[in-house]
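Following: one structure in C-alpha cells, then a few remarks.
The values are calculated or read from the model by the stated rules, or taken from the named source; none is laboratory data. All of these numbers come straight from a predicted model, not from anything done at the bench. Because the Cβ atoms are built from the backbone with ideal geometry, glycine has one as well, and the counts that use them run over all protein chains shown. We work out accessible area using only protein heavy atoms, side chains counted, and drop any ligands, DNA or RNA first. Shrake-Rupley method; radii C 1.70, N 1.55, O 1.52, S 1.80 Å.
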Amino acid sequence: MSNYPNPLIEQRADPHIWLHSDGNYYFIASVPEYDRLEIRRSPTLTGLADAPASVVWYKPRTGPMSALIWAPELHFIDGKWVIYYAAAPSQEIVDGLFQHRMYALVCEDADPLTGKWQEKGRIQTPIDSFSLDATHFEHQGKSYYLWAQKDPAIRGNSNLYLAEMEDPWTLKSPPVMVSKPELDWEIIGFWVNEGPAVITHGDKIFITYSASATDENYCIGLLWADLNSNLMDPASWHKSQHPVFTTQAQNKQFGPGHNSFTRNEQGEDVLVYHARNYTEIEGDPLYDPNRHTRIKTFRWDENGMPDFGEPAADNRQLTFQKQH
C-alpha cells in the first residue's frame with residue numbers, strides 16, 4: 001500500500017482524477033470561490049500537487065450558471081473531453097435547498113487544458129429540481145449517467161438516479177432511483193445521498209456515495225450489483241447497512257467524502273476524497289475552504305468487496321491554516 005502526501009492538494013473539494021490513455025492524470029475539483037473550472041495534468045499522481053492549474057471556464061456574471069460552481073468531473077467519452085458540473089443562478093436557498101442544475105462542457109481538441117470548450121447547456125432530467133454531482137461510466141457497451149437529485153415527493157435533499165445516455169449531454173432512458181437517504185447515518189443534519197462514483201471489481205459493479213451533512217457527519221456509503229444484472233432495475237442494487245469510510249477523530253480526519261477512483265502507477269486502486277482536519281466550523285460548512293483532496297490505496301477483501309480502511313492522518317505541513 002502506497003503512502004501519499006496527505007493532504008495531496010489543499011483547498012480542493014469534490015476531487016475527481018481521470019487517468020487518460022495518454023498516461024497522464026487529470027485533476028478537477030471544486031475551488032473555494034466556486035467561480036471557475038480548472039484542470040491540472042501530471043504524469044504521476046503525486047505530481048498533481050504541484051501541477052499548474054489551467055482555467056478552462058469562468059462562470060458568467062448573470063444567468064442560470066452564474067453562482068456556486070460545484071463538483072466538476074472530467075471524462076473522455078466518444079473521443080471528446082466532457083466536464084460535468086452543477087451551477088446555480090444565485091446563492092439563494094429556496095425551500096431549504098440551493099438552486100443547482102447540471103450542465104456539460106465539451107472539448108473536441110486533444111488537449112483539454114488548451115483546447116476550446118463549448119457549453120452544451122443543461123442536462124435535462126424529468127424533474128426540474130435541485131440536481132448535482134453527475135458522473136459517467138460505460139458498462140457492457142452502454143453509456144450511463146449517474147447523479148443526485150431532489151424529488152419533491154421524497155423526504156430529503158437528494159437521491160441517486162441512473163439513466164442511459166444518448167450522447168454525453170442527453171439522457172436516453174427514463175431515470176431510475178437506485179438509492180435514497182433512509183438509514184440513520186445517511187440522515188444526520190440533512191437527508192442526503194450525493195457524490196456517486198463507480199468502480200468494478202471481479203463480478204460486481206460498485207457505487208460509492210456520500211451521505212449526511214458536509215460536517216464531520218459526512219461519510220461514504222456503498223451500493224453494488226452483479227456485473228451481468230440489469231443496472232436499470234433498482235432491485236439489482238444492494239446497499240451496505242453501514243458506512244464504509246467515516247470520520248476518524250484520532251487521526252483528525254473529519255467528514256471524508258465526495259470520492260472518485262483512479263489507479264496509481266503500479267495499477268493499484270486508489271480512493272480519491274476530501275476531508276477536513278478539524279470540526280470547529282464557523283457558519284455554513286460550505287464556505288469553509290479547508291476540505292482538502294486526499295488519496296489512498298485500498299484493498300479488496302475475500303468476498304470481492306472494497307475495504308477502504310480509515311482516513312490517514314495528515315503527514316505534511318499545511319499551507320492554509322484554519323483561520324481563528
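Give a residue-ordered list of calculated ³J(HN,Hα) values for the stretch 243-257 (Karplus: 6.51 cos²θ - 1.76 cosθ + 1.60, θ = phi - 60°; whole Hz; x for Gly, Pro).
Karplus values, whole Hz, x for Gly and Pro: x, 10, 7, 9, 3, 10, 4, 4, 8, 6, 10, 10, x, x, x.
So, in nm, how far is label N251 from label N3 when the simple model puts each one 7 Å beyond its Cα toward the Cβ?
Between N251 and N3, the simple spin-label model gives 1.3 nm.
Work out, step by step, the length gained on full extension between W185 and D50: first 0.36 nm times the residue separation, then minus their alpha carbon distance; give nm to one decimal.
Working: separation 135, 0.36 × 135 = 48.60 nm, distance 3.58 nm.
Value of the extension gain: 45.0 nm.
By average Cβ neighbour count within 10 Å, what is the ranking of 232-244, 60-72 from highest down? Intermediate values should be presented prior to the final figure.
Numbers: 232-244: 14.8, 60-72: 17.5.
Order by mean packing, descending: 60-72, 232-244.
What per residue convex hull volume, in Å³, do the alpha-carbon atoms of the stretch 72-144 yield?
107
With the chain treated as a Gaussian network of Cα nodes joined by springs under 10 Å, which of T200, T208, T297 yields the largest mean-square fluctuation?
Highest fluctuation of the listed residues: T200.
Given H placed on each backbone N at 1.01 Å, which residues far from I188 in sequence or on other chains put an amide H within less than 5 Å of it?
Those qualifying (amide H under 5 Å, at least 5 residues apart or on another chain) are S212, A213.
For N24 paired with D307, estimate the spin-label separation in nm (one decimal), with each label point 7 Å from Cα along the Cα-to-Cβ line.
Taking the simple label geometry, N24 and D307 are separated by 3.7 nm.
Show the residues, 5+ positions off or on another chain, whose built amide H is closer than 5 Å to the amide H of N6.
Correct list: N315, R316.
So, with +1 on the Cβ of K and R and -1 on the Cβ of D and E, and no other charges, what is the size of the charge dipole of the stretch 167-215 about its Cα centre, to the nearest 20 debye? Walk me through the intermediate numbers first.
Values: 3 positive and 7 negative charges, 45 e Å.
Charge dipole, the stretch 167-215, about its Cα centre: 220 debye, nearest 20.
Percent of accessible area on the chain owned by carbon and sulfur, 1.4 Å probe?
47
For Kirkwood radius over Cα pairs in Å, pick the label among (i) 24.0; (ii) 19.7; (iii) 20.5 that corresponds to the value derived from the coordinates.
The value matching this structure is (ii).
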